[in-house]
Amino acid sequence: MIAMKQDARGPEANLDLLRSLAVLAVMVDHLVPTWRYCGLRVPDWLQLLTAHIGQAGVIAFFVHTSLVLMESLQRLSGGEPLRRGTVLRFYLRRFLRIYPLALVCITLVVVLDLPAVTWREALPPTPQVVLANQWLVQNLVTGRSVLGPLWSLPYEVQMYVVLPALYLLATTARGPRWLSVLLGSAVLGALVLGEFTGGRLNMAAYLPCFLCGVLCFALRQRVRLPQWPSGGWIAALAGLFGGYAWLHWGAGKPSAVAGWCFALLLSLAILVFADSRRPRLNRSTQWIARYSYGLYLLHVPVLWLVFHRWRLQSLPMSLLVYLGLSTAAAVIAFHLVEAPMVALGQRLTQRTRASAAAASEPSARGESGKREMPLGLAAMEPAEVWQMLHRH
């Protein structure tokens, strides 16, 4: 294993912009068909343009997630080889980051009898469907989500299982080369599988997207490419998302190949642009990124409230109410559920690390009876706070 340089740059504005754009793309993707389904007049070109833009947002989430979780593993391991305890700490933190808010949303949907989506008819969930959603394995069991945006979470959770192994591969001397081979093999395997399943790829459709993020991490540690002006990052994102929308103009379903190309180009673009130094833009995107998980999960119940329950018929007014209520719900969810659970995971894993250190090095400290106290959220470094609380 080679020595990897530690990234102490803290919050990265370009990744915040990417995450913000991704969640907004998903929200627009679901808003436009809801408008039409509820009888509001929406231009045909807008529906065609945004029909699959949410899929680009989810793919961007997958690239972003695998990249920042590689960096999280790097910080947890301190640049040393991964140990079993480090991997367990990583899994515990991810469990407490993903499952609590997902379970709250599932409970909300079941108790209030909310529809899974607001832009077409949906069957009521069965107990089996609810149970599969609670464990986030619905892609393997029922194929149905009780809430539309939940469909992507099983892929993330299942990818967590192999991320430590991919981290070990990424940190080897030939990590980028082996990851490139693995990425090519995943694409080829998905294409072959599609021939036998009629295009039903399940995890195979998204594995290349996650691998693009891991490859980006491996290259980021080794290659310092010329940093193009940060304004180009905005243009690159506009071009990538716009190009994805154009390729799917009038398409019945998203193209897996187009998604893989989008993920690869996105991961390469991350490497070549300097971080944004626009304070107002950075503060805005940092704020959106902080609450993006709640926005992603809760915007569909808000759509139901605004368009099915209240039946707002004004496009401008409904848009303002939709954005305002979605934001309020995400902020409340963050402070009541997300932040406390992440802080709990931080305390539990810090306690585990402190206990291990106390057991293994008592004589070196000369304080065999004294244990390191768990590190509270307020005592964490700013970069760690951002990584743990504000990024999915």
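Residues of the stretch 312-326 that are touching a Gly at 6+ places or on another chain (Cβ under 9 Å) and at pLDDT 95 or above: 326 alone. The single condition from (1) open to solvent by less than 30 Å² (accessible area, probe 1.4 Å); (2) small (Gly, Ala, Ser); (3) over 30 Å from residue 137 (Cβ atoms) that residue 39 fails is (1).
Give me the residue from the stretch 80-92 that is among the hydrophobic types (A, V, I, L, M, F, W, C) and not in a loop (DSSP other than H, G, I, E, B) and, out of that set, least open to solvent (accessible area, probe 1.4 Å). Among those residues, the one meeting the criterion is 90.
Each residue in the stretch 93-115 was checked for being in a loop (DSSP other than H, G, I, E, B) and either touching a helix residue (DSSP H, G or I) at 6+ places or on another chain (Cβ under 7 Å) or closer than 17 Å to residue 171 by Cα (or both), and 2 pass. Does any residue of the stretch 70-86 turn out to be touching a Phe, Trp or Tyr at 6+ places or on another chain (Cβ under 7 Å) and closer than 17 Å to residue 296 by Cβ? No.
Residue 59 satisfies every condition listed in (1) assigned to a helix (DSSP H, G or I); (2) touching a residue at least 40 places away in the same chain (Cβ under 8 Å); (3) out of contact with any Gly (no Cβ under 8 Å at 6 or more places or on another chain) except (3).
Of the residues that make up the stretch 144-151, is at least one free of Cβ contacts under 8 Å to residues at least 12 places away in the same chain, more than 15 Å from the chain's Cα centre (by Cα) and open to solvent by 40 Å² or more (accessible area, probe 1.4 Å)? No, every residue in the stretch 144-151 fails to be free of Cβ contacts under 8 Å to residues at least 12 places away in the same chain, more than 15 Å from the chain's Cα centre (by Cα) and open to solvent by 40 Å² or more (accessible area, probe 1.4 Å).
Kindly check whether there is at least one residue in the stretch 163-181 that is over 25 Å from residue 74 (Cβ atoms) and either assigned to a helix (DSSP H, G or I) or open to solvent by less than 80 Å² (accessible area, probe 1.4 Å) (or both). There is no residue in the stretch 163-181 that is over 25 Å from residue 74 (Cβ atoms) and either assigned to a helix (DSSP H, G or I) or open to solvent by less than 80 Å² (accessible area, probe 1.4 Å) (or both).
Okay, residues lined up against (1) open to solvent by 40 Å² or more (accessible area, probe 1.4 Å); (2) on the phi < 0 side of the Ramachandran plot:
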{"position": "45", "(1), (2)": "yes, yes"}
{"position": "48", "(1), (2)": "yes, yes"}
{"position": "52", "(1), (2)": "no, yes"}
{"position": "59", "(1), (2)": "no, yes"}
{"position": "63", "(1), (2)": "no, yes"}
{"position": "69", "(1), (2)": "no, yes"}
{"position": "78", "(1), (2)": "yes, no"}
{"position": "94", "(1), (2)": "no, yes"}
{"position": "98", "(1), (2)": "no, yes"}
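Residues in the stretch 205-262 that are within 24 Å of residue 73 (Cβ to Cβ) and outside any helix (DSSP H, G or I): 206, 223, 224, 225. With respect to being more than 19 Å from the chain's Cα centre (by Cα) and either surrounded by 13 or more Cβ atoms within 10 Å (Cβ to Cβ) or not in a helix (DSSP H, G or I) (or both), residue 200 fits the description.
The set of residues from the stretch 203-244 being polar (S, T, N, Q) and surrounded by 14 or more Cβ atoms within 10 Å (Cβ to Cβ) comprises 221, 230. Residues in the stretch 116-133 that are open to solvent by 70 Å² or more (accessible area, probe 1.4 Å) and in a helix (DSSP H, G or I): 127, 128, 131.
The values are calculated or read from the model by the stated rules, or taken from the named source; none is laboratory data. All of these numbers come straight from a predicted model, not from anything done at the bench. Quick reminder, even Gly has a Cβ in these numbers, built from the backbone with ideal geometry, and neighbours come from all protein chains shown. These area figures cover heavy atoms from the full protein model, side chains too; ligands, DNA and RNA do not enter into them. Shrake-Rupley method; radii C 1.70, N 1.55, O 1.52, S 1.80 Å.
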